[in-house]
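Structure first, then comments.
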Amino acid sequence: MLVSLFLLGAALLARGAEAELRAAPERAVEAAKAPAAPEEHGLPPKAVEIGRIGAFPITNSMLVSWLVALGLIVFAQLATRKMKEIPDGAQNFWEWMVESLHNFLEGIIGPQLVRRTFWFFATIFIFILFSNWIGLIPGVGTIGWGVHDEHGFRVSEPWFREANADLNMTFAMALIFFACWTVWAIQANGPVGFLLHLFAPKGDSTGLLKVLMIVVFIAVGFLEVFSILFRPISLSFRLYGNIFAGGLMLETMGRLVPGWIGSIILPIPFYFMEVFVGFVQALVFMLLTAVFTMLICPHEEAHSKGSH
């Protein structure tokens, strides 16, 4: 059925493309006669290239992600350079944040699993959180190359852009999680156990009912495989969509009322809302990845409880 639908869709797309090619010259003439559409202002959906290292392009969102990562590494090194038995200052803040995350995850996925996976979940939460918050600093998206028009100077190529407002960044993090999830799943279940977890029937049954359950769970297993393959897409688009929409909203609020009142006073309540949204989105990304991991590695916790 899937192959038939795919072939039917391909035939319809080919026929539609042929019709579009035939109508292209007429549309080009009509577009030339029509008045030019007004230029759109706002956060572009694609990151802007601001430089190159040889043939390697550097985008504004990539630059911000590097700055966030470098800042976190330097802060962690400074906070833990001279460890004290009674922490204070930066060490106290760093230990509080890491310990709070560890206790929070341990209550959800259990001590056995958190011992193996905490490094990833803590890193991804801290990086996403500070990437979201640094994107709210004045100057991100408003400093860069631009042009002068009737409304004054307008930045067309900003030097800085929120890292998670770039789909490349969120999709890369989702793919890294997918690779880690695959390794953890095989380590916990083994290659054969991993396949049995997806396709093997659950429960005890005999006779014709067992045959029916095998067929049903094989079909359910293929649906589960499709769901697993779709997880990186859903994770990346969820984070990207929320952060991109937040940045677009802040820029719209700043342009809504002309003058300093509109550009400074009006967006302030939305800045506080975006601070909360940035925290929630980092928490949601971490929780979803943790729950996905727990679902494929449940037997460790059950075994540890039974042994006690």
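Values quoted throughout were computed directly from the atomic coordinates according to the rules given, and no laboratory measurement underlies them. Because the structure is predicted, anything quoted here is derived from the model rather than measured. Backbone-built Cβ (ideal geometry, glycine too); neighbour counts: all protein chains shown.
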Taking R0 as 30 Å, what FRET efficiency do you get between Ser100 and Val183 from their Cβ-Cβ distance, rounded to the nearest 0.05? 0.70
Go through 225-231, 174-180 and give me the packing order, highest mean Cβ count within 10 Å leading. 174-180, 225-231
Whole-Hz couplings from phi, Karplus 6.51/-1.76/1.60, listed for the stretch 73-80; x for Gly and Pro: 5, 5, 5, 5, 5, 5, 5, 10
For Thr59, which sequence-distant residues (separation of 5 or more, or a different chain) have an amide H within less than 5 Å of its own amide H, given hydrogens modelled in the peptide plane? Ile50
Can you list residues whose amide H is under 5 Å from Trp159's amide H, if they're 5+ apart or on another chain and H is modeled 1.01 Å from N? Gly141, Ile143, Gly144, Trp145
What is the stretch 45-111's relative contact order, in percent, from Cα pairs under 8 angstrom and six or more apart in sequence? 16
Net length gained if the chain between Phe199 and Val215 were fully extended (0.36 nm per residue, minus Cα distance): 4.8 nm
